[in-house]
Structure formats: structure tokens, C-alpha cells
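The values are calculated or read from the model by the stated rules, or taken from the named source; none is laboratory data. Please read all numbers here as calculations on a predicted model, not as lab measurements. All Cβ positions, even for glycine, are placed from backbone atoms using ideal geometry, and neighbour counts span all protein chains on display. These area figures cover heavy atoms from the full protein model, side chains too; ligands, DNA and RNA do not enter into them. Shrake-Rupley method; radii C 1.70, N 1.55, O 1.52, S 1.80 Å.
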Amino acid sequence: MQRLLKESCLSKCPIEIIYMSNNGQFTQRFIIVNEIKDNCITALCLLRNEKRTFKIDNILSCSFKQRQKGLAQ
């Protein structure tokens, strides 16, 4: 997972993550990683079009994928 996060940061290519928030909610996000620090990443969230911080431990999966129109998030 660390490799994909680093690759997104270097290439500025979006990745898809499945993320569990602190309150236990699961979300699917498309992000572009800006910075990796300790146990967190800062990224541009393409769903919200805002800079967000994600805990690496709460990222359940990540992959390079094309964003599909009409995909429920």
C-alpha cells in the first residue's frame, strides 16, 4: 500500500481508496496524494474537491483505477 501511495504522490495520478473513518463509516474515495507524513497522508479528495487528511491505518485498500461516471460513493 505504501508503494501505491508514494507512486500517486510522485506521479499525481489518482488512486481509489476504501477508507474507514474514526466513527466506523466506510467510504470510497478517489484521491491524489500530496504528502505522506508519519501515519497520515494529505491528499486532494476528488469527491469533495478539497484537501483532506487520511490516516494510513484507516485505508483498507487502494488501487489505481479509472473513475467511472455514475459510481456511487
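How about the stretch 33-50: which of its residues are touching a Ser or Thr at 6+ places or on another chain (Cβ under 6 Å) and surrounded by 14 or more Cβ atoms within 10 Å (Cβ to Cβ)?
Taking the stretch 33-50 as the starting set, the residues that turn out to be touching a Ser or Thr at 6+ places or on another chain (Cβ under 6 Å) are 33-35, 40, 42.
Correct list: Val33, Asn34, Cys40, Thr42.
Would you check which residues across the stretch 5-32 are of a type in the set (Lys, Arg) and open to solvent by 50 Å² or more (accessible area, probe 1.4 Å) and list them?
Taking the stretch 5-32 and keeping what is of a type in the set (Lys, Arg), we get 6, 12, 29.
Passing the criteria: Lys6, Lys12.
Tell me, which strands (runs of 3 or more DSSP E) wholly within the stretch 13-66 include 1 or more residues that are among the charged types (D, E, K, R) and at pLDDT 95 or above? Reasoning before the result, please.
Details: elements: 15-20, 26-37, 40-45, 50-55, 59-63.
Because the criterion is at least 1 residues that are among the charged types (D, E, K, R) and at pLDDT 95 or above, the strands (runs of 3 or more DSSP E) in the stretch 13-66 that meet it are 15-20, 26-37, 50-55.
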